[in-house]
Amino acid sequence: MKMYYFTATKWAFGAIALSLFSLTGCDKHDHTSEENITRVELKLNGTGFSQTVAALETNGDGIWDSIGEITIPVGVSPILCEVFVYDETQTPTLNLTAEIIQESAEHLFTYQVSGANLTITPIDSDGNGGPLGRNTNWEPGAASNGTVQIKLYHEPSNKSNPSDPGGEVDFDITFPVKIQ
């Protein structure tokens, strides 16, 4: 009879443990297949300067079909750049920017300048005091041409290492840039 009690008790504890695991499942937001990043806009503003540049992915293949050129005048400094992210496959268009800000601890924008005399500094942070990088200051130097590669990482594992923060890359866009 004791053997039966032990087996029934073991079964009951196992059932309770299994129930607890199913009730405390991961609640992190995973991007669904219904969310597609199809438009990324950069809004640049400085004294006497304003420009909006966009990258478009229109056919769902993950390749950016159209990438606008950033043209910055020499001597305008600092320039505030804000990044906006949209899903234009939804009706109406879904602005994903608010979700990225709300889940800022799970996102990181990174910037890599190549060839252009340009320094980019993140000026915003996530809810934990770590970098987010949606808002940046751009400091142009002498006239030059190059590129600015912008990536958005989802659930980065190391936000203090912008060259390799880990996580999933939500988008990777290289914008041509001219400082003139």
Margin query: What number does segment 32-179 give for Rg over Rh if you use C-alpha atoms and the Kirkwood radius?
Written below: 0.95
Item checked: 3J(HN,Hα) from dihedral phi, segment 79-90, Karplus parametrisation 6.51/-1.76/1.60, rounded to Hz, x for glycine, proline -> 10, 7, 10, 10, 9, 10, 10, 10, 10, 8, 7, 8
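Each value in this text was obtained by applying a stated rule to the coordinates, not by laboratory testing. It should be emphasised that the depicted structure is a prediction, and the values quoted were computed from it without experimental measurement.
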